[in-house]
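Any read-out appearing in this document is the output of simple, stated calculations on the displayed coordinates, not a laboratory observation. Since this is a predicted model, take the numbers as computed values, not measurements. For neighbour counting, all protein chains shown are included, and Cβ atoms are generated from backbone atoms with ideal geometry for every residue, glycine included.
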Amino acid sequence: MIEITIRVKPACAQRLAALLRTAAELEADRGQAKTYRGAARRIERAPGIRRPAARTQRPAPARQKSTRPPVARPHRYTPRVQRPTGRAIDERAVQRVVSGDHPLPVLSRVEARTACWYLTQLGCPASEIAERVRIAKRTVHRWRAEDRQAVTS
């Protein structure tokens, strides 16, 4: 997922919201269309933006019921970040993440844990570590607890 911040004048914001709604209507992927509509709604709710006139709802086209039984589709898990695989640790990539040199590389799981350890030693908060290493904040807390447990055992 890519997050983008765009600053526009209030006069242009209304047009951008309308374009997003048009893109949502043309989008074949329902999830992406929902994302476009949500972005348009957030733009319209922003302070200083005039609210659009109420839109008339068109009736949904009548759907014909299918006679075929539903097909069970396998659930595919897609992680947030496609991490490289391999046992070797790329120290340069880890040091780039620790020093905050952008663009930050995507680290393997072992490299991410190493970078988390270094950033913890530097006193960085869990939220910053999670953002840099591209892991959940809860994972940072769990790894820290596991490291403390290993030291005390």
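Can you tell me the relative contact order of the range 99-153? Whole percent, Cα pairs under 8 Å, sequence separation 6 or more.
After rounding, I find 30 percent.
Report the far tail of the P(r) of the range 91-152, meaning the percent of Cα-Cα pairs longer than 18 Å.
The proportion of pairs with Cα distances above 18 Å equals 25 percent.
Full-extension gain between His102 and Arg87, please, as 0.36 nm times their residue separation minus the C-alpha to C-alpha distance.
3.0 nm
Using the Cα centre as the reference, give the magnitude of the dipole from point charges on the C-beta atoms of the range 91-152 (Lys, Arg: +1; Asp, Glu: -1; all else neutral), rounded to the nearest 20 debye.
Dipole size: approximately 200 debye.
To the nearest 0.05, how large is the calculated FRET efficiency for Ile6 and Thr67 if R₀ is 35 Å and r is the Cβ-Cβ distance?
Taking R0 as 35 Å, the efficiency between Ile6 and Thr67 is 0.15.
Between Arg144 and Ala28, what is the label-to-label distance in nm when each label sits 7 Å out along the Cα-to-Cβ direction?
Label at Arg144, label at Ala28, 4.6 nm between them.
Between Ile49 and Arg134, what is the label-point separation in nm under the 7 Å Cα-to-beta-carbon projection?
My value for the distance between the label points is 2.9 nm.
Given a Förster radius of 30 Å and the C-beta distance between Val151 and Thr35 as r, what FRET efficiency does 1/(1 + (r/R0)^6) yield to the nearest 0.05?
0.10
Once phi is turned into ³J(HN,Hα) by the Karplus curve 6.51 cos²θ - 1.76 cosθ + 1.60 with θ = phi - 60°, what whole-Hz value does each residue of the range 14-28 show in order, with x for glycine and proline?
5, 5, 5, 4, 5, 5, 5, 5, 5, 4, 5, 5, 8, 6, 7
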